[in-house]
1. Shape verdict for the stretch 139-288, please, from the Cα gyration tensor: rounded (a/c under 1.5), prolate (a/b greater than b/c) or oblate.
2. Please give the solvent-accessible surface of Lys46 in Å², to the nearest 10, using a probe radius of 1.4 Å with every protein chain present.
3. Could I have the simple spin-label model distance between Glu28 and Asn147, label points 7 Å from Cα toward Cβ, reported in nm to one decimal?
4. In whole percent, and with a 1.4 Å probe on the protein chains, what portion of the accessible area of the chain is carbon and sulfur?
5. When the Kirkwood radius is taken over all Cα pairs of the stretch 237-381, what Stokes-Einstein diffusion coefficient follows at 10 °C and 1.306 mPa s, in µm²/s?
6. Identify all aspartates and glutamates with a Cα-Cα distance to Lys198 below 16 Å; exclude those on the same chain that are fewer than 8 residues away in sequence.
7. Which of the GluC sites (Glu not before Pro) across the stretch 277-380 are loop residues per DSSP, with 10 or fewer other Cβ within 10 Å?
8. Rolling a 1.4 Å sphere over the protein heavy atoms, what is the accessible area per residue of the chain, to the nearest Å²?
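The values are calculated or read from the model by the stated rules, or taken from the named source; none is laboratory data. Bear in mind the structure is a predicted one, so any value in this text is a computation, not a measurement. As a convention, Cβ positions derive from the backbone with ideal geometry for all residues, glycine included, and neighbour counts pool all protein chains shown. These area figures cover heavy atoms from the full protein model, side chains too; ligands, DNA and RNA do not enter into them. Shrake-Rupley method; radii C 1.70, N 1.55, O 1.52, S 1.80 Å.
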Amino acid sequence: MSQKNLVILGSTGSIGTQTLEIVRDKKEDFKVLALAAYSNVDLMEKQVREFLPETVVLYDEKAAKELKVRISDLTDKHDIDVLSGMEGLKYIASFKECDMLVAAMVGMIGIEPTIKAIKTGTDIALANKETLVTAGHIIIPLAKEKNVNIYPVDSEHSAIYQCLKAQDRSMVDKILLTASGGPFLGKKYEDLKDVTLKDALNHPNWAMGKKITIDSASLVNKGLEVIEAKWLFDVDIEDVEVIIHPQSIIHSMVQFKDNAVLAQLGLPDMKLPIQYALYKGNRQTMPEHKIDFFSLSKLDFLKPDHDTFRGIKLAVDSYNRGYIYTTVFNRANEVANRYFQEGRIKFLQIYDVIEDALLLDFDYCKTPTLDEILNVEKEVDEYISSRY
Ligand code: MN
């Protein structure tokens, strides 16, 4: 196999660093064309020195300037461009020689570069679920038109992708999306009134970035994933059912019309879904980390408690109201998540912020354009910051 050229958006985050670990182990298979991150100069400097990309983007302009100074010894010998801002992200997303764009930034910032890459005809390894949640109605048809494949990095969606491989899609009855339930599983509304950021970040099974860990605690992450599954696998949203499975061994399942259920199992580790996406759905070897079935005492399955954890219902309701409301839902959550991290609101207020933002009326666009999505994003920001 010839080397695949990668552009990695979000290289300093949890998925980005694990992607680079795989690239480091499989040097013969990959070349890093470009790396991008938000503002982490220290880690980006290390990554640039190791992987020598042709172009680096730090979204934050000040951070980009500092990086330029720090790697000036390198740029004497190597041709490395340092760029910033959305223009920088869109520029590296449109490299024609890129074989795979790893979309692993957090939040709606990923929409424009991802669309740019699809327009260029580049396959996507998608970890940035917010992109599909808010712009799935634009991205999925565009990918079809451009013959671009989208490989899910999200562990549940990777599992579903694996279960659907070589199956008759018309025989799919239901997607069974598993959820760990997060650190607050079993707790009731009253129990959650005073939980702290530290409590929310204490995920029982998965080591992930902060934003998604908090989203897992509120089950907003699972709400986003229901919409993500709808778009990725072309099913009705009602046919995506969430099952709480606290051990996180089954990563999701597909039920077929003959009542057969296929599942993908593994230890909770993002390495497999990342690697599986990087190799475009082809299996490779993976060291260590095998399930020891004899050490698993049992696998449990529970119904989600929608009264306490409103994340899934809010997601499905916003989707059913018209696509623009998935942007409202997602953006309100992004802001609420940040406010919770900053100590400005309490955990349960995350739901209140989302519900409050969903009072905004945008009935003029059920299938919003990209510009409309980006405008609504701004409006939601302003609305929330004026109220909380
Ligand atoms: Mn997931």
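1. prolate
2. Result for Lys46: roughly 140 Å² accessible.
3. 3.0 nm
4. Accessible surface attributable to carbon and sulfur in the chain totals 48 percent.
5. In µm²/s, the coefficient rounds to 86.
6. Result set, ordered by chain and number: Asp215, Glu342.
7. The qualifying sites are Glu288, Glu342.
8. 44 Å²
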